[in-house]
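What follows is a short report on a single structure.
Any read-out appearing in this document is the output of simple, stated calculations on the displayed coordinates, not a laboratory observation. Small disclaimer: the values here were computed from a predicted structure and weren't measured. Here the Cβ positions follow ideal geometry from the backbone for every residue, glycine too, while neighbour counts run over all protein chains shown.
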Amino acid sequence: MKFIQYTLLLFLLITSIKGFSQEAPIASITIEFKPVIVPITAPTKLVIAKIQYRKPLILSHWTRKNMVGFDMNEISFSNWNAGGVSSISGLIKGEFTRIHTLEKSIWFNELIIRYGINKQDGYEVRKSDDAIRFTSTLGYRKDTLSNWYHSAKFNFNTQFANGYNYPNTSSSISKPFAPAYTFLGIGAEYFDKKKKLNFYISPLTMKNTLVLDQNLANQGAFGVSKAVYDSSGNLISEGAKSKTGLGFLVTNFYKKEVVKNITMENRLSLYSDYLHNFGNIGVDWELKLDLIVNQYVKANIGTHIIYDDDIKSKKGINGSQVTMGPKIQLKQMLGVGLAYVF
């Protein structure tokens, strides 16, 4: 009986061991190895940037313009049947402008210089042009909508070298600072920078005439009081070297390109003195045309008219200078030359 029990127990034990020892199905795992291509690049260079320090840009209220030029005219004859005189002339000129502009004020400064000579066959070198002109105007306006300024203006005019009434070169009729003119006044000015138009009117302008050469002052040249002599010709008092007046001044400047490459420039000054012959108007009018060939080559045509009641004309009679009355002074110009603007 015990044998049967032991046999049954052994059978159950073997059966349970086999049940737990059965192999379970194992899932297969497939692993693929793919080659990875890594691009190889050339080694990069290490660039070190240089840091440059620049000063901050400062906006200037100044506008600057400079022009220097040289004009030349020449004519030559050789065995020319119709006749003629060979001549050559040259003119050095310069214009320098400085303008200081703020919202409600403007300060305009201009310097113009010219000096020219002429040489004709058989004659000595003669002066053909001579001028030093400086203008300074300070203006203030109440608002930015108006082009009218309350202004103060200063003008100065003189020359570089002695002037003669050719062919007489023994005595000069003018010298540096003989004459020299200064104008100082207050008034109203219309200034349009875009249109290059300027109009100034002053009811109160002081004009000062300087004649710093005593010989010319003794002659009473350019309106100064001349020297006083006795009946024997002995000098009692020397002539005055200056004359001061107070009057009315009107000036105008206008510049416009009338057609392509042709520019017109007009300058006009009118003055009448309250203290000396009021109503006699002194005129200084200059009209010029600039014909632009290219950036550096220009031709110019111009005329200059001056009338001043204080300037007496002189005429050579029998080898001596005779003083005549005031006359209209006229100068015409035609030249071709080089001009450099910077």
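Which FRET efficiency value, to the nearest 0.05, do you get for ALA82 and ASP309 by plugging their Cβ-Cβ distance into 1/(1 + (r/R0)^6) with R0 = 41 Å? Write out the running numbers ahead of the final one.
Numbers: r = 43 Å, r/R0 = 1.04.
Computed FRET efficiency for ALA82 and ASP309 comes out at 0.45.
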Task: Separation of the ASN162 and SER237 label points, Cα + 7 Å toward Cβ, nm - done: 2.9 nm
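Between their Cα atoms, which of LYS65/LYS288; LYS175/LYS255; LYS153/LYS175; LYS195/LYS260; LYS255/LYS314 are more than 28 Å away from each other? Show your work: numbers first, answer last.
Details: LYS65/LYS288 19 Å; LYS175/LYS255 32 Å; LYS153/LYS175 25 Å; LYS195/LYS260 16 Å; LYS255/LYS314 35 Å.
In this structure, LYS175/LYS255; LYS255/LYS314 exceed 28 Å between Cα atoms.
Using only alpha carbon pairs under 8 Å that are at least six residues apart, calculate the relative contact order of segment 71-182 and give it in whole percent.
Values: 230 pairs, mean separation 19.6, N = 112.
Dividing the mean separation by the residue count of segment 71-182 yields 18 percent.
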Task: 12 Å Cα-Cα reach of LYS327 towards aspartates and glutamates, excluding residues that sit fewer than 8 places from it in its own chain - done: ASP308, ASP309, ASP310
